[in-house]
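**Q** Before we start, here is the structure in question, set down as structure tokens.
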Amino acid sequence: MKKATPYLLLVPALLFTVFVLVYPLVQNLINSFSDVSMITGRSGWTGFSNYKHVFHDTLFWRSFGNTSVYAVVGTVVALILGLGFALLLNLKLGKITTVMGCLYTVPWIISPVVAGFAWKWLLNDHFGVVNYWLASAGIVKAGTTWLGNPGTALICVMLARIWQFYPFAMVMFLAGLQSIPQEQYEAAAVDGATMVRRFFHITLPNLKTVTSVMLVLGVIWSFNDFNMVFVMTRGGPMNSSMVLPVLVREFSFVQFDLGKGSALSVVIFALLTTLSYLYLKVLARGEST
Amino acid sequence: MKRTTFIALVLSISLLSCGKKSDGIVLHDWNFGGRPKLIEFLRQRVYSFEKTHPGIKVEQSDKSWNMIREILYADFSAGAGPDVMNTHSNFAAEFGEAGFYYPVNKFPDFEQVKQWYVPHLLESTRYKDNYYGLPSSAIAFVLCCNKELFDKEGIAPPKTWSQFREAAKRLTKDTDGDGVIDQFGLVLMGGDKGGFAYRMIPFFFKAGVNVMSEDLKKIEFNSPMGVAALKLIADMYQVDHSITPGFLAYTHSEVNDLFSGNKAAMSIEGPWFRGMVGDKNPGKDMYVVPVPVPDDMIAQYDTAPTLQDMVMYSINARSKHLNEAWELLKHLRNEEADMFWITQDLGATATTKSALNSREAKSIKDIPLYINELNHARPWPPHPQMIAIASNIYTPYCQKAIVGELSPKAALDQAAREAQDLVDGKK
């Protein structure tokens, strides 16, 4: 009984994992090879035809492109912004640093849905504050449309995502900055290195592992991001901001083609698994150095 | 011993906390959408039902109208869902075909209940040989004109396409002299696929265009008059710039804000709009008139059909309390309840003969117009794929034509091909 007790205690967690994680994954995989419609119900094995439909759908490629831009460009900009704020906070200017640090993390703690709605109204063409400021400064015409313009909708959603993600990058970079040995900076200062040279030759190399990890994590999380895009644009106007997670919903719950939606979600899962493998490799390399 | 006592204690607490089983019947009633006034009215109605039916408890839930199809499909497919709910009447075809709704004509007193309603409104709940609900509220799509802007400009609400285009042009202007247009003739709801389709198709109907053939086998919205209707809107956007540029992102709230804030002079809406605008801007008045007709059809201005939509109350085919659900349905939708749609501003028009013919109906603003429009209005064709065609095919292609990505003819022809594939089961 004593030997079995640890395993018995593991059972609830195992059951939870099976029902919440394993069963849906397996069912989703089965659905991706079946003709499953909420309207008609399953009608048998269809092999790879759902995958063929996904890859032959021009909307999939458009969404894949949008998602890649949203994930990569959005993450890189968020990292640059995060690093900038981390460098600022690392100056250690007393109590003001603590206060500013708290304020800078506010976007991270707001729910993505709430943030999405707030950004939607900020960017409203007639009543939004952003247009008011930009028009007052003469940068744009009053009434310029952002979310209703296929050319700018994706950029706006990306901006909202950057605004939400940069605090996390900032906190990680700050931790990284504070772990850099001060002796390296002192030695460089003695050798006459300027601040810029110290940044490029000491700071950035020491932050290489943190940056790599943040880049991979940021891309994975952005690839999975449904809330911001759905709340702000629902993938519109005219699919210009359609991303893969929103497209899964479109296939599954608008077109009610669960088979096609499942196939797409398996494709996304495979992509993210590859990225996760990369993340683990980077992490392992970082630990060994 | 200690371990055994602990396990016994945990099990006892679990069993006790299961709760006492209810003695009576519990019905689940889902209310989708509705303004606060309507929700309050429904609560009162349910309260009065429970008083007259002791032993039946009704649990009401309020849910989003925008997500109605997804919510119902997800629940019905899983064998769950409410006993009673309000839905679009055009779900009768899709949900009736799928076996989700119970045919109310199977209840023994249906023939008597049927007599309450205006016949052609009740027909909207029918698919093939069955009726899948009782009409709740009828909607005819009309043109709402901002009275303040129209009076200031000294023009009357338009009746023909030319007058409509001209009015929109005249009402598109820079009101504060900063060189930027800040008032537009027409606002469209492009951010909601279904909502956009509902606001475009009245132009098609008024021009005598059919969406589908009578036998529901052929798509017909790409007829020459259909192309002309779409071209009207496309020219207003691309040539006159009299339609709000950001319309592709607009939903109900943006349209309401623009109209209430005098940034837009016209919108295609339904009976809810006066109340919605009034909530935001009390005292704001509007002209409510039929959707304009092609110039050569002016003689049919009062009789050309607009789009009719309707909300109905339906019963879940898997409900365990069908008879009780039917009693609740009748209580929510009887002639007494229907009068509230006349006397209170609940956002739509009544559907019973007694309410629509009442003295009150003749004296309340807009009701005579809505009654006249409803007498000639047509619903979406009762095809199970109609909602998918309207939202996923018709809307995107119309929007592409309006912004200039495709010509109106190319857009409607391509949309018709895709819709025909859906109808033929090729997709």
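**Q** Apply the Karplus parameterisation 6.51 cos²θ - 1.76 cosθ + 1.60, with θ equal to phi minus 60°, to every residue of the range A:116-131 and state each ³J(HN,Hα) to the nearest whole Hz, in sequence, with x for glycine and proline.
**A** Coupling constants for the range A:116-131: x, 5, 4, 5, 4, 7, 4, 8, 4, 5, 9, 10, x, 5, 4, 5 Hz.
**Q** Going Cα to Cα from B:LYS106, which aspartates and glutamates come in below 20 Å? Please leave out same-chain ones fewer than 8 positions away.
**A** By straight Cα distance, B:LYS106 reaches B:ASP83, B:GLU94, B:GLU97, B:GLU123, B:ASP129, B:GLU324, B:GLU327.
**Q** Where does the protein assembly as shown land at 222 nm, in deg cm²/dmol rounded to the nearest 500, when only DSSP H runs of n ≥ 4 count, each adding -39500 (n - 2.57), divided by all residues?
**A** Helix-only estimate at 222 nm: -16500 deg cm²/dmol.
**Q** Alpha carbon centre of the range B:286-318 versus the range B:334-408: separation in Å?
**A** Each part reduced to its Cα centre gives a spacing of 5 Å.
**Q** Next question, about the same structure. When a footprinting reagent is the concern and you count Cβ atoms within 10 Å, what order do A:ILE155, B:ILE371, B:ILE402 take, fewest first?
**A** Listing A:ILE155, B:ILE371, B:ILE402 from fewest to most nearby Cβ atoms yields A:ILE155, B:ILE371, B:ILE402.
**Q** Under a plain spin-label model, where a point goes 7 Å from the Cα along Cα-to-Cβ, how far apart in nm are B:THR160 and A:THR209?
**A** Label-label distance for B:THR160 and A:THR209, simple model: 8.0 nm.
**Q** Would you kindly derive the ³J(HN,Hα) couplings of the range A:142-156 from the backbone phi angles with the Karplus curve 6.51 cos²θ - 1.76 cosθ + 1.60 (θ = phi - 60°), listing them in order in whole Hz, with x for Gly and Pro?
**A** Values per residue, Gly and Pro as x: 4, x, 4, 9, 9, 7, x, 9, x, x, 10, 4, 5, 4, 5 Hz.
**Q** Another question, then. Taking B:LYS409 as the anchor, which aspartates and glutamates have their alpha carbon closer than 16 Å to its alpha carbon, excluding any fewer than eight residues away along the same chain?
**A** The reachable aspartates and glutamates, counting only those whose Cα sits under 16 Å from B:LYS409, are B:GLU220, B:ASP235, B:GLU418.
**Q** Among A:GLY44, A:GLY259, A:GLY116, which one shows the highest mean-square fluctuation when chain A is modelled as a Gaussian network with alpha-carbon springs under 10 Å?
**A** A:GLY44
**Q** Given a cut-off of 18 Å, name the pairs among A:LYS141/B:LYS169; B:LYS152/B:LYS173; B:LYS159/B:LYS263 whose C-alpha atoms lie farther apart than that in the structure shown.
**A** Listed pairs above 18 Å: A:LYS141/B:LYS169; B:LYS159/B:LYS263.
**Q** Rounded to the nearest 20 debye, what is the charge dipole size of the range A:94-208 about its Cα centre when +1 sits on each Lys and Arg Cβ and -1 on each Asp and Glu Cβ?
**A** Value, rounded to 20: 220 debye.
**Q** Moving on. Between the DSSP loop rule and a limit of at most 12 other Cβ atoms within 10 Å, which GluC sites (Glu not before Pro) in the range B:194-292 are left?
**A** Filter output for the range B:194-292: B:GLU214.
**Q** Same structure again: Looking at the P(r) of the range B:162-275, how many percent of alpha-carbon pairs lie beyond 22 Å?
**A** Numbers: 2364 of 6441 pairs.
That fraction is 37 percent.
**Q** Here's a follow-up. Would you mind computing, in nm to one decimal, how far apart the modelled labels at B:ILE39 and A:LYS95 are, each placed 7 Å from Cα along Cα→Cβ?
**A** 4.5 nm
**Q** How large is ³J(HN,Hα) for each residue in the range A:62-77, as worked out from phi by the Karplus curve 6.51 cos²θ - 1.76 cosθ + 1.60 (θ = phi - 60°), to whole Hz, x for Gly and Pro?
**A** With coefficients 6.51, -1.76 and 1.60, one gets 5, 5, 4, x, 4, 5, 5, 4, 4, 6, 6, 5, x, 5, 4, 5 Hz.
**Q** OK, next. Evaluate the charge dipole of chain B about its Cα centre and quote only its size in Debye, nearest 20, assuming +1 on the Cβ of each Lys and Arg and -1 on the Cβ of each Asp and Glu.
**A** Once rounded to the nearest 20, the dipole reads 1000 debye.
**Q** Then there's this: Considering only A:PHE226, A:PHE173, A:ALA284, whose Cα is most displaced toward the positive end of the charge dipole of chain A, charges sitting on Cβ of Lys, Arg (+1) and Asp, Glu (-1)?
**A** A:ALA284
**Q** Taking amide H positions as placed 1.01 Å from N in the peptide plane, with prolines and chain starts having none, which residues 5 or more places from B:LYS57, or on another chain, fall under 5 Å of its amide H?
**A** Close amide H contacts, sequence-distant or interchain: B:ILE25, B:VAL26, B:LEU27.
**Q** I need the semi-axes of the equivalent ellipsoid of chain B: take the C-alpha gyration tensor, multiply each eigenvalue by 5, square-root it, list largest first in whole angstrom.
**A** Listed largest to smallest, the semi-axes of chain B are 42, 24, 24 Å.
**Q** While we're here: What is the set of long-range amide H partners of B:GLU220 at a cut-off below 5 Å, with H atoms built 1.01 Å from backbone N?
**A** B:MET212, B:SER213
**Q** At 7 Å along Cα-to-Cβ for each site, give me the label-to-label distance between B:SER61 and A:THR58 in nm.
**A** 4.0 nm
**Q** Need one value for A:139-152: mean number of C-beta atoms belonging to other chains within 10 Å of its residues' C-beta atoms.
**A** 4
**Q** Quick one: go through the range B:85-114 and flag any residue whose amide nitrogen is under 17 Å from the point 7 Å out along the Cα-to-Cβ line of B:ARG318.
**A** Under 17 Å, as judged by backbone N against the label point of B:ARG318, lie B:85, B:95-103 of the range B:85-114.
**Q** I would also like to ask the following. Size of the dipole of the protein assembly as shown about the Cα centre, Lys and Arg at +1 and Asp and Glu at -1 on the beta carbon, nothing else charged, in debye to 20?
**A** Around 2000 debye, computed over the protein assembly as shown.
**Q** If the chain between B:VAL26 and B:TYR301 were fully stretched, how many nm would it gain, using 0.36 nm times the residue separation less the Cα-Cα distance?
**A** On the way: separation 275, 0.36 × 275 = 99.00 nm, distance 4.95 nm.
Contour length minus the Cα-Cα distance gives 94.0 nm.
**Q** Would you mind checking the range B:27-42 for residues with the amide N under 20 Å from a putative spin-label position 7 Å along Cα→C-beta of B:THR343?
**A** Within reach of a label on B:THR343, which here means backbone N under 20 Å from a point 7 Å along Cα→Cβ, the range B:27-42 contributes B:35-42.
**Q** How tilted is helix B:367-376 with respect to the longest principal axis of chain B? Cα atoms for both, answer in degrees (0 to 90, nearest 10).
**A** 90 degrees
**Q** Just how far, in whole angstrom, is the range B:200-258 from the range A:100-139 if you go by their alpha carbon centroids?
**A** 33 Å
**Q** Compute the long axis of helix B:161-170 from its Cα atoms, compare it with the longest principal axis of the Cα atoms of chain B, and write down the angle in degrees, 0 to 90, nearest 10.
**A** 80 degrees
**Q** Okay, moving on. To the nearest 10 degrees, how steeply does helix B:408-423 sit against the main Cα axis of chain B, on a 0 to 90 scale?
**A** 30 degrees
Read-outs throughout are calculated quantities, based only on the coordinates presented, and are distinct from any laboratory measurement. Here the structure is a predicted model, which means the values were calculated and not measured. Virtual Cβ from ideal backbone geometry, glycine too; neighbours counted across all protein chains shown.
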